[in-house]
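The values are calculated or read from the model by the stated rules, or taken from the named source; none is laboratory data. Everything quoted here is computed from the prediction, not taken from an experiment. We place every Cβ from the backbone using ideal geometry, glycine too, and count neighbours over all the protein chains shown. Only protein heavy atoms, including side chains, enter the accessible area calculation; ligands, DNA and RNA are left aside. Shrake-Rupley method; radii C 1.70, N 1.55, O 1.52, S 1.80 Å.
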Amino acid sequence: MKSYCFPRNFIWGVAAAAPQIEGAAREDGKGESIWDRFARLPGKVANGDTPDIACDHYHRYREDFALMRRLGVKNYRLSLAWPRLHPDGGRDINQKGIDFYRRLFDSMERNGITPWVTFYHWDLPQALEDAGGWRVRATAEAFARYCATAARAFRDHVRNWITLNEIPTFIGNGYRVGMHAPGAREPGRVLNQAFHHTLLAHGYAVSAVREHGGRGSRVGLTQDLSVSVPVTETPRDIVAARAELALRNEHLLAPVFHGRYPAGYLRRCGKDRPEVKAGDMKLISQPTDFLGLNIYSGHFVRAKAGRGREVLAFPPRYPEASFEWLKIVPQSIYWAIRHCHELYHPRAFYITENGASFPDPPAADGEIVDLHRRDFVRNYLVNVHRAVGEGLPCRGYFLWSFLDNYEWAAGYGERFGIVHVDYATQKRTPKLSARWYAEVMRRNQIV
Ligand code: PNW
């Protein structure tokens, strides 16, 4: 029997995001984004790196898609730059932005690559931030107009839509701790309201796809869950881990899947609870076609003797990738799917991101032997295979990322790509992990 085979229609892909690869930050009428601004504040981004040029994908997409084709990539998750289509976030549409993405989709089509498109991967138009950003409801309404523009403009090119990427990450990092754009530190009340506006934005995006998208369009949210893994796979630890995951993520998932904020969340908010208008929850909880999960890590949970549970701290020297938060927990990808399936029953799951950054210096002959990345991805994939094998509705996997790229506050120093980018020359070199992943995709099997 052949081991580790996937179902015939399993989706294999790679992922990226506009502000991390496109560059051309001021070209062809693109407006300023909060990352264009934030990267210029002293001390905010490692090395003072900006997204100005990044991988210059804006000018090199043909070459990049040709390389994808050579590696056998059939699905590519990308994001649209909102400020390319609506430069100041208002009603004005930048036709050159639309033309660019049409050329890009045409090129993908010629290379046999299916697009999976995220509306929002963190590059808010700066003009909207100046008017209050996600703190104000008007931003969700501007987002509704942008999504309608995009769904209409690309209805003949795009069937698979993702509304927003990782709401808790960009709200937490951008508005709570100030580590990401726009670099704010807001009190709880403002944060909860901003969070509510992003959920509204999700709802508006779903409506835009349903109303303006082409035939057979599908849409879902992509989330980075905080993933609780049972230390021992006994019923007690499994129940404890699921309860922990439920508690950590309910404020996000209950509105989307059940149409309400959980009572416990509202209680914890106290007087800082968000203002919810009539109809909001109906908009937010419209049926979606899938839930996207970005899975990098997790934490271990066990049931306590008697009752209750505990989350275990990681001991010193527990394996991690280049980021301290990137503890290597391959089972997290299985448990995210399983707990989430049991709690919310989304119609389908896609792993919309998984991957790791490691220092991978070229060897003398120029080859990049990134065995740690290959091993990281392989161990996580074994756990995707387990989920699929148990009948959980996980339909696809996107590796983060295709190219080394602009890793937000860490700048260009952190490399997540399976393809190395030499930023001085923009030369692309597939790493060993790319050759290996190409074989996985080709055989539809972990090799
Ligand atoms: C994701 N965490 O963000 C983003 O969607 C990508 O744009 C990014 O490049 C990638 O992960 C790698 O960082 C995350 O702290 C950032 O757990 C932080 C966390 C998770 C995801």
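Here are the numbers for this structure:
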{"item": "Stokes-Einstein D (µm²/s) once Rh is taken as the Kirkwood radius of the range 11-443 over alpha-carbon pairs, at 4 °C in 1.567 mPa s", "result": "59"}
{"item": "Solvent-accessible area, 1.4 Å probe, carbon plus sulfur percent, for the range 71-126", "result": "45"}
{"item": "Gap separating the Cα centres of the range 307-384 and the range 80-130, nearest whole Å", "result": "30"}
{"item": "Shape call, the range 1-51: gyration tensor on alpha carbons, a/c limit 1.5", "result": "prolate"}
{"item": "Rounded Å value of the spacing that divides the Cα centres of the range 1-34 and the range 271-294", "result": "25"}
{"item": "HN-Hα J in Hz across the range 26-40 - Karplus 6.51, -1.76, 1.60, θ = phi - 60°, x for Gly and Pro", "result": "10, 9, 6, x, 5, x, 6, 9, 4, 6, 4, 6, 4, 4, 8"}
{"item": "For the chain, built as a Gaussian network whose Cα springs stay under 10 Å, the top-fluctuating residue of Glu353, Glu27, Glu414", "result": "Glu27"}
{"item": "Gain upon complete extension [Lys96, Glu63; 0.36 nm per residue less C-alpha separation]", "result": "9.8 nm"}
{"item": "Which of Arg248, Arg442 is most accessible, then next, and so on - probe 1.4 Å", "result": "Arg442, Arg248"}
{"item": "Listed residues Val311, Val209, Val419, most fluctuating in the chain (Gaussian network, C-alpha, under 10 Å)", "result": "Val311"}
{"item": "Theoretical FRET efficiency, 1/(1+(r/R0)^6), r = Cβ-Cβ of Ala313 and Tyr4, R0 35 Å, to 0.05", "result": "0.60"}
{"item": "Largest-first ordering by accessible area, 1.4 Å probe, given options Ser322, Ser332, Ser297", "result": "Ser322, Ser297, Ser332"}
{"item": "Per-residue SASA entry for Leu200, accessible area with 1.4 Å probe, Å² rounded to 10", "result": "0"}
{"item": "Calculated from backbone phi, Karplus (6.51, -1.76, 1.60) coupling profile of the range 181-186 in Hz, x at Gly/Pro", "result": "4, x, x, 8, 10, 9"}
{"item": "Spin-label pair Arg215/Gln426, simplified geometry with 7 Å Cα→Cβ offset, distance in nm", "result": "3.9"}
{"item": "Amide H partners (placed H, <5 Å) of Gln223, local residues excluded", "result": "Glu166, Gly292, Leu293, Asn294"}
{"item": "Protection proxy ranking, peptides 299-305, 273-279, average beta carbon neighbours within 10 Å, highest first", "result": "299-305, 273-279"}
{"item": "Accessible-area ranking of Asp365, Asp52, largest first, probe 1.4 Å", "result": "Asp365, Asp52"}
{"item": "The chain, accessible area per residue, ligands and nucleic acids excluded (1.4 Å, Å²)", "result": "40"}
{"item": "The range 312-317 - phi-based ³J(HN,Hα) in whole Hz, Karplus 6.51/-1.76/1.60, Gly and Pro as x", "result": "7, 6, 6, x, x, 6"}
